[in-house]
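J.: The following block contains the structure, expressed as structure tokens.
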Amino acid sequence: MAKPRLKFFNDSDPWMLAEDIPDMDIFFAQIWQSCFTNEFAYPNGRAYKKLLSIQRGYHLWFYFGQWDSNEVGKHITNRIIKNPKFATQVNKQIIIWANRLRKFADRVPQEHLPRLSNRELWNWYQKHDEEHTKYYQWCWIPVGADMFHNNLTKRLQQFLRLNVIEDRVNEYLVILTQPRTKSLIQIEQEDFLKLTAIVYKDAKQRQLFRQLYKTFQESKAAPYGLKTHTPEYERLLEERVNTIRDSIKPGILKKIHEHYRKYYYIQFMWIGKEGVHSFDHYLKELVKLIGRGVNPGQELMRVQQEFKTQISKRSKLMLRLKIRGAWRQVFDAWGDFMITKIYRRYAQIYAIYRMQPVLREITKRLKITLKEARLMLKGEIKDGLLKNKVNHQALRQRTKQAVYYYEKGAEVIFTGTKAKTLIKKAEKQIHHEVHELHGQVGSIGKAIGYVKLIFRPKDMVKMNKGDILVSIATDPDIVPAMKKAAAIVTEQGGVTSHAAIVSREMNIPCVIGTKIATRVLKDGDKVEVDANKGIVKKTINNYRMP
């Protein structure tokens with residue numbers, strides 16, 4: 001078969017690292033990579049010309065053309081500024097397509113897959129790809145507007161400079177883009193506090209949970225001075241909660257189960273390395289919260305009052321700066337982007353989780369490994385299922401290292417020497433003796449502390465209260481570590497990123513989009529975070545062992 005003609009492959013636009021994503025596969029990544037260069041032209045009005053991704057095992061780095069991605073960002077920003085109703089429409093469509101994706105996921109068969117024909121199996125795979133692609137046509141618009149070149153942020157900063165002194169611009173931007181409603185992260189947190197309050201109000205149930213926690217802390221099950229929050233500690237505590245299951249009132253047990261069914265999947269990130277939460281996970285979290293003496297009712301009131309205070313502060317600033325009309329709509333839409341970002345993320349995590357049985361059945365039919373199936377393009381899956389065509393040698397090469405290239409109407413995979421040449425061209429060397437990093441303001445404030453690099457849940461054992469959490473980008477599966485942070489620093493992400501949203505909700509200083517934080521900082525480095533200005537300074541010769 002003739003190779004497609006590549007129009008932009010050798011153009012002069014240099015590659016720019018867009019995202020560095022651990023635990024990512026092509027099964028999922030090809031959906032958005034293909035969408036960005038094809039379907040994203042509608043409704044956005046402009047697609048990306050080219051995209052390249054480097055895949056090493058389950059680690060993916062993807063690149064846009066530097067100039068191209070900036071032009072896309074400008075294009076989206078201009079549409080939003082000139083017609084704020086477009087941004088409102090985007091947020092509505094994100095909710096619509098996230099709901100559609102979730103409804104589709106509910107229909108995906110989880111059992112009796114061997115009974116399906118190859119054609120039926122392919123239809124489920126194809127339908128998931130179609131639904132997720134339509135989802136990305138709308139869901140990527142807020143990200144494209146700001147994540148890579150701060151296009152929308154810069155325009156809003158320019159507007160504020162007309163009425164605000166420079167030192168207050170970032171502070172006011174954070175306040176004015178505060179979401180007016182709660183994200184699913186906040187809602188989940190409040191749901192859990194409400195659940196805990198039900199247990200807490202019942203004296204006998206409260207004593208039951210407290211006694212288990214006390215016994216566990218004092219017993220040899222926290223053996224040998226086992227540090228709390230290690231995987232072994234958490235596993236042992238989760239095992240122990242089974243001992244009180246029969247003593248929990250049926251009504252309370254039912255409510256715990258309802259919470260579990262609502263949120264169990266949220267740590268299933270992309271390849272599902274961490275799996276999903278068990279029912280006993282939520283029992284364990286209840287034991288820990290009640291055992292530590294936290295009054296959930298008071299904590300819930302504090303969280304709710306803090307949200308009301310932020311909304312009030314935003315409203316007063318809007319009035320003081322006389323922001324009304326079209327600009328008011330732009331700021332409102334920006335805050336809504338943060339809410340829809342989390343809403344759509346939960347939907348897609350659920351969809352990816354529900355597709356795993358289908359993917360495993362495909363590996364059996366094609367007689368390949370799960371890893372090989374995860375690195376195949378959609379067309380290759382179709383050929384394998386419907387034509388019995390599988391290039392086993394090519395798949396084995398991809399499991400080591402491969403480069404995927406996309407432009408309109410073209411998907412090409414490179415391995416071997418050609419892949420190495422492309423990687424060398426795309427990757428840029430980082431100067432590690434950097435002592436000051438600059439990024440965007442995700443949430444205002446200042447903090448000093450010791451760095452902990454946190455990428456996935458397995459890293460959270462390192463995190464102590466007051467540490468500075470440094471990551472490529474944050475996701476729902478590391479929120480427990482974020483709660484302990486004195487400040488958060490990320491390489492990636494615009495102001496609608498997960499890190500910015502969560503840090504605002506938790507009132508934690510946050511600097512995002514530093515580009516190189518995880519490559520120049522290491523565990524134990526002492527840093528000063530000035531999130532009012534978007535600056536992170538490394539303290540020279542001041543290192544603490546992690």
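The values are calculated or read from the model by the stated rules, or taken from the named source; none is laboratory data. Quick caveat, the model's predicted, so the values are computed rather than measured. Counting neighbours? That spans all protein chains shown, and the Cβs are built from the backbone with ideal geometry, glycine included.
J.: Step by step: first the residues of the stretch 258-274, then only those that are in contact (Cβ under 8 Å) with a residue 40 or more places away in the chain and under 20 Å from K194 (Cβ atoms), then the one that is farthest from the chain's Cα centre (by Cα). Which residue is that?
T.: Top of the filtered list is H259.
J.: Let me ask something additional. Taking Q110, is it closer than 30 Å to R328 by Cβ and either in a helix (DSSP H, G or I) or out of contact with any Asp or Glu (no Cβ under 7 Å at 6 or more places or on another chain) (or both)?
T.: no
J.: For Q397, all conditions in the list (1) out of contact with any Ser or Thr (no Cβ under 9 Å at 6 or more places or on another chain); (2) outside any loop (DSSP other than H, G, I, E, B); (3) more than 15 Å from S53 (Cβ to Cβ) hold save one; what is the number of the exception?
T.: Among (1) out of contact with any Ser or Thr (no Cβ under 9 Å at 6 or more places or on another chain); (2) outside any loop (DSSP other than H, G, I, E, B); (3) more than 15 Å from S53 (Cβ to Cβ), the lone unmet condition for Q397 is (1).
J.: Moving on to the next point. Only one of R155, R180 is of a type in the set (K, R), assigned to a loop (DSSP other than H, G, I, E, B) and either in the same structural domain as Y353 (by TED's automatic domain parsing) or under 25 Å from the mean Cα position of the chain (by Cα) (or both); which?
T.: One residue alone meets the criteria, R180.
J.: Go through the stretch 461-472 residue by residue and tally those that are farther than 11 Å from A485 by Cβ and touching a helix residue (DSSP H, G or I) at 6+ places or on another chain (Cβ under 7 Å).
T.: The total comes to 2.
J.: With the condition kept exactly as written, say whether any residue in the stretch 473-486 is in contact (Cβ under 8 Å) with a residue 24 or more places away in the chain, acidic (D, E) and out of contact with any Gly (no Cβ under 9 Å at 6 or more places or on another chain).
T.: Among the residues of the stretch 473-486, at least one is in contact (Cβ under 8 Å) with a residue 24 or more places away in the chain, acidic (D, E) and out of contact with any Gly (no Cβ under 9 Å at 6 or more places or on another chain), which makes the answer yes.
J.: Confirm whether K288 is in a helix (DSSP H, G or I), more than 22 Å from the chain's Cα centre (by Cα) and in the same structural domain as F268 (by TED's automatic domain parsing).
T.: yes
J.: While we're looking at this one, here's another question. Give the residue, chosen from R107, R100, that is surrounded by 14 or more Cβ atoms within 10 Å (Cβ to Cβ) and without any contact (Cβ under 8 Å) to a residue 40 or more places away in the chain.
T.: Going through R107, R100 in turn, just one is surrounded by 14 or more Cβ atoms within 10 Å (Cβ to Cβ) and without any contact (Cβ under 8 Å) to a residue 40 or more places away in the chain: R100.
J.: Test K127 against the stated conditions and say whether it is surrounded by fewer than 19 Cβ atoms within 10 Å (Cβ to Cβ), at pLDDT 95 or above, over 20 Å from the mean Cα position of the chain (by Cα) and in a helix (DSSP H, G or I).
T.: When the stated conditions are applied, K127 passes them.
J.: Look at A487 and say whether it is touching a strand residue (DSSP E or B) at 6+ places or on another chain (Cβ under 7 Å), closer than 20 Å to I342 by Cα and surrounded by 24 or more Cβ atoms within 10 Å (Cβ to Cβ).
T.: Against the criterion (touching a strand residue (DSSP E or B) at 6+ places or on another chain (Cβ under 7 Å), closer than 20 Å to I342 by Cα and surrounded by 24 or more Cβ atoms within 10 Å (Cβ to Cβ)), A487 does not qualify.
J.: Assess whether L52 counts as being assigned to a helix (DSSP H, G or I) and not charged (D, E, K, R). I'd like the intermediate steps shown before the answer.
T.: Numbers: assigned to a helix (DSSP H, G or I): no; not charged (D, E, K, R): yes.
No; evaluated as a whole, the condition is false for this residue.
J.: Let me ask something else about it. Condition first: touching a residue at least 24 places away in the same chain (Cβ under 8 Å), among the hydrophobic types (A, V, I, L, M, F, W, C) and in a helix (DSSP H, G or I). Now tell me which residues in the stretch 375-394 satisfy that.
T.: I381, L385, L386
J.: Please give the number of the condition I362 fails out of (1) surrounded by fewer than 22 Cβ atoms within 10 Å (Cβ to Cβ); (2) closer than 19 Å to E120 by Cα.
T.: Looking at each condition in turn, I362 falls short on (1).
J.: While we're here: What about V169, is it in a helix (DSSP H, G or I) and either among the β-branched types (V, I, T) or not assigned by TED's automatic domain parsing to the domain that holds R354 (or both)?
T.: Yes, satisfied.
J.: Looking only at the stretch 347-359, count how many residues are surrounded by fewer than 20 Cβ atoms within 10 Å (Cβ to Cβ) and in contact with a Pro (Cβ under 9 Å, 6 or more places away or on another chain).
T.: 2
J.: For a quick check of your reading of the model, give me the residue pairs whose first member lies in the stretch 445-456 and is in the same structural domain as A499 (by TED's automatic domain parsing) and within 16 Å of I512 (Cα to Cα), whose second is in a strand (DSSP E or B) and among the acidic types (D, E), with beta-carbon atoms closer than 9 Å and at least 6 apart or on different chains.
T.: Pairs found: G445/D530; K446/E528; K446/D530; A447/E528; A447/D530; V451/D525.
This table checks each residue for (1) modelled with pLDDT of 90 or more; (2) within 21 Å of L156 (Cα to Cα).
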residue	(1), (2)
S443	no, yes
G466	yes, no
P476	no, no
Q492	no, yes
T496	no, yes
A499	no, yes
E505	no, no
I540	no, no
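J.: When you go through L52, L6 one by one, which is the residue that is aliphatic (A, V, I, L, M) and surrounded by fewer than 22 Cβ atoms within 10 Å (Cβ to Cβ)?
T.: L6
J.: Can you name every residue in the stretch 458-472 that is buried (at least 19 other Cβ atoms within 10 Å of the Cβ) and under 18 Å from the mean Cα position of the chain (by Cα)?
T.: M460, L469, V470, S471, I472
J.: Okay, moving on. Tell me the residue from I323, I349 that is outside any helix (DSSP H, G or I) and within 30 Å of L176 (Cα to Cα), please. Steps first, please.
T.: Details: I349 fails: outside any helix (DSSP H, G or I).
Checking each option against the conditions leaves just I323.
J.: Name the one entry in D23, D68, D13 that is in contact with an Asp or Glu (Cβ under 6 Å, 6 or more places away or on another chain) and in a loop (DSSP other than H, G, I, E, B). Working first, answer last.
T.: Working: D23 fails: in contact with an Asp or Glu (Cβ under 6 Å, 6 or more places away or on another chain); D68 fails: in a loop (DSSP other than H, G, I, E, B).
Exactly one residue qualifies, and that residue is D13.
J.: Continuing with the same structure: If we scan the stretch 405-419, do we find a residue that is assigned by TED's automatic domain parsing to the domain that holds D23, in a helix (DSSP H, G or I) and either of a type in the set (S, T, Y) or surrounded by 16 or more Cβ atoms within 10 Å (Cβ to Cβ) (or both)? Break it down into steps so the answer makes sense when it comes.
T.: So the first thing to find is which residues in the stretch 405-419 are assigned by TED's automatic domain parsing to the domain that holds D23, and the list is 405-419.
Retained after the next criterion (residues that are in a helix (DSSP H, G or I)): 416-419.
Then drop every residue that is not either of a type in the set (S, T, Y) or surrounded by 16 or more Cβ atoms within 10 Å (Cβ to Cβ) (or both), which leaves 417, 419.
Yes, the stretch 405-419 contains at least one residue that is assigned by TED's automatic domain parsing to the domain that holds D23, in a helix (DSSP H, G or I) and either of a type in the set (S, T, Y) or surrounded by 16 or more Cβ atoms within 10 Å (Cβ to Cβ) (or both).
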